[in-house]
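The values are calculated or read from the model by the stated rules, or taken from the named source; none is laboratory data. Only a predicted model underlies this, so the values are computations on that prediction, with no experimental measurement involved. Virtual Cβ from ideal backbone geometry, glycine too; neighbours counted across all protein chains shown.
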Amino acid sequence: MSLLGAHISVSGGLHRAIERACALGCEAMQIFTRNPLQWQGKGLSEGETGAFRRALLSSGLKSVVSHASYLINLAGDSHVRRKSIDALKAEIGRCYQLGVDAVVLHPGSSRDAPPDAAREALAASLKEILDGTDETGVPVLLETMAGQGGVLGSTIEELAWLMEALDWDKRLGVCADLCHLFGAGVDVGTEGGYERLVSSLSRHVGLDRVMCWHISDNKGERGDRVDRHTHLGSGGIGIVPFGMLVADPRFQDTPVILETPKDGPGDAGNLALLRKLRGSW
Ligand SMILES: [Zn+2]
Ligand SMILES: [Zn+2]
């Protein structure tokens, strides 16, 4: 069975996220290890790291992933690229200290640059980061994006191209975001569409590289390149792929992370729906 979880707030201290996740009955969780909207982050104190590791050990959580800062753009201009490389290296270092299993990354944006040059820059940035953090062993999961405004990573083929450019480094993986895939035009709302998506992932990157899923419904239209997250079953996707995913033996022990809004049914309501789907699909 997949590991059900949600993106959890670290308000009040990183270890508080573990308490919140456990109260919700999560099997996995995603956190920000620092403010995702700021470049500067303070280092972790021994007290923080110790409290997190102790809480994690005594919890029932089987997997924790971190989501990298939204400011990072490894395909940006040289100034942004340099800051982004340093920021992702620091993020990987924090994950290693905390015992976090992997970091999820938005691959980057070409902005005004030609996409080919941006992809090459992205590959070079990732190479430098992977080489510079080899001893940590922390995987970097490239998230599938909706593709608005020059954002890279909106097709599985493009993620496969990147992995190929990096000689299929064993630390590279994929975080498949169903809301973003729908925004990028993939038919994920039907049984056939879900199966075609899984076949495509299998063919292009291999299912063992799909190390995390993000789930939420999408308020927009399929292919409109926008990712407007909403509660499961209240957008254009419906509940079919969510039910299929959480019951899919091919994703046994893979974290499936809710990125739904915190209002209305909230994480508790969406998790309850997932548990019901997992039992009945
Ligand atoms: Zn993301
Ligand atoms: Zn996501």
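Residues in the range 142-158 that are closer than 21 Å to residue 92 by Cβ and within 14 Å of ligand 2 (Cβ to nearest atom): 142, 143, 144, 145, 153.
For the range 79-93, which residues satisfy the criterion of being under 17 Å from residue 48 (Cα atoms) and surrounded by fewer than 21 Cβ atoms within 10 Å (Cβ to Cβ)? Walk me through how you get there before you give the answer.
Applying the first criterion (under 17 Å from residue 48 (Cα atoms)) to the range 79-93 yields 90-93.
Within the range 79-93, 90, 93 qualify.
Looking across the range 202-245 at every residue that is within 16 Å of ligand 2 (Cβ to nearest atom) and among the small types (Gly, Ala, Ser), the one that is surrounded by the fewest Cβ atoms within 10 Å (Cβ to Cβ) is identified as 220. Filter the range 44-75 for residues that are away from ligand 1 (no atom under 16 Å from the Cβ), without any contact (Cβ under 8 Å) to a residue 40 or more places away in the chain and in a loop (DSSP other than H, G, I, E, B); which is nearest to residue 119 (Cα to Cα)? Residue satisfying both the conditions and the ranking: 45.
Looking at the range 223-232, which of its residues are assigned to a loop (DSSP other than H, G, I, E, B) and either at pLDDT 95 or above or among the hydroxyl-bearing types (Ser, Thr, Tyr) (or both)? Correct list: 231, 232.
The residues of the range 31-67 that are surrounded by fewer than 12 Cβ atoms within 10 Å (Cβ to Cβ) and among the polar types (S, T, N, Q), listed by number, are 38, 40, 45, 58.
Only residues that are more than 21 Å from residue 159 (Cα to Cα) and in contact with a Cys (Cβ under 6 Å, 6 or more places away or on another chain) were counted across the range 45-84, and they come to 1.
Restricted to the range 97-119, and to residues there that are of a type outside the set (A, V, I, L, M) and assigned to a loop (DSSP other than H, G, I, E, B), the residue that is farthest from ligand 1 (Cβ to nearest atom) is 114.
Please work out if residue 76 is of a type in the set (Gly, Ala, Ser), on the phi < 0 side of the Ramachandran plot and surrounded by fewer than 22 Cβ atoms within 10 Å (Cβ to Cβ). Break it down stepwise before answering.
Working: of a type in the set (Gly, Ala, Ser): yes; on the phi < 0 side of the Ramachandran plot: yes; surrounded by fewer than 22 Cβ atoms within 10 Å (Cβ to Cβ): no.
So residue 76 fails the test.
Residue-wise test of (1) within 16 Å of ligand 1 (Cβ to nearest atom); (2) under 27 Å from residue 64 (Cα atoms); (3) within 18 Å of the chain's Cα centre (by Cα); (4) without any contact (Cβ under 8 Å) to a residue 40 or more places away in the chain.
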residue	(1), (2), (3), (4)
133	no, yes, no, no
137	no, yes, yes, no
142	yes, yes, yes, yes
206	no, yes, yes, yes
210	yes, yes, yes, no
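The single condition among (1) in contact with a Leu (Cβ under 9 Å, 6 or more places away or on another chain); (2) of a type in the set (A, V, I, L, M); (3) within 25 Å of residue 242 (Cα to Cα); (4) assigned to a helix (DSSP H, G or I) that residue 163 does not satisfy is (3).
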